[in-house]
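Just below is one structure, and these are the notes that go with it.
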Amino acid sequence: MEKQIILLNGSSSSGKSTLAKALKSLIYNESNKIYEVVSIDDFLKMSLNETIYEDDVFEISNDLCKKVLESLESSDGVIIDHVITSERIFKQLKENLYSYPVLTVHITCPLNILKRRELERGDRCLGSAESSNEYLYPKDGYDLTVDTGEKTPSENALLIYDELSNL
């Protein structure tokens, strides 16, 4: 099987990072394949007092893509943990990563849970979860959608792994 990219796209505080870790572990335990996790959080400075804008994400998106491509040189695949809020960011990812298959996974979660998680985290500007949920792009057309409010990270990781196995 060729190297694979799994794109987890969901709003802030939707559980993408926790899911990415669970998925990485499951893939290794089930198939002995090493997947690296590349997160948008690795490239942005997050704080309670600073809002992250779409331009901020667009500016660092090429760096994220370079990191993904570098990681693919030494691994079997990459799990991208991202909050895509515009067509131009999505297009930038597709153009940079075109030579690899990308499984797109929409991460959803009820807004009340997003808000609660954001408050509990204490490391994001309040309102980021709601805003990113409203502007998430694309709205549809994913290979798979999972709800982190209804299922555990392990259950959702298994759904994604099953989808990956069917490719």
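Only the coordinates and a few stated rules stand behind these numbers; no lab work does. In this text the structure is predicted, and so the values were computed from the model without any measurement. Cβ coordinates were reconstructed from backbone atoms using ideal geometry, including for glycine residues, and neighbour counts include every protein chain displayed.
For the charge dipole of the chain, defined by +1 on Lys and Arg C-beta atoms and -1 on Asp and Glu C-beta atoms about the Cα centroid, which residue among I60, L114, Q4 has the Cα displaced farthest towards the positive pole? Comparing the listed Cα positions along the dipole, L114 ranks first. Taking every DSSP bridge with both residues inside the chain, close to 5 percent are antiparallel.
The chymotrypsin sites (Phe, Trp or Tyr not before Pro) of the range 88-138 that DSSP puts in a loop, and whose beta carbon has at most 15 other beta carbons within 10 Å, are Y98.
Volume per residue, Å³, of the convex hull around the alpha-carbon atoms of the chain? Intermediate results must be reported in sequence, preceding the final value.
Numbers: hull volume 17.2 nm³, N = 167.
Per-residue hull volume (Cα only) is 103 Å³.
For the range 67-132, the alpha carbon convex hull comes to 122 Å³ per residue, rounded to a whole number. Taken along the Cα-to-beta-carbon direction at a fixed 7 Å, the label points for D56 and N96 span 1.7 nm.
Among residues other than D81 whose Cβ falls under 13 Å from its Cβ, what is the net charge (Lys/Arg +1, Asp/Glu -1)?
Values: positive: K16, K21, K24, K67; negative: E36, D41, D42.
Combined, the nearby Lys, Arg, Asp and Glu give +1.
With each label modelled as a point 7 angstrom along the Cα→C-beta vector, the E155-S17 pair spans 2.4 nm.
Distance between the 7 Å Cα→Cβ label points at E163 and I34: 2.6 nm.
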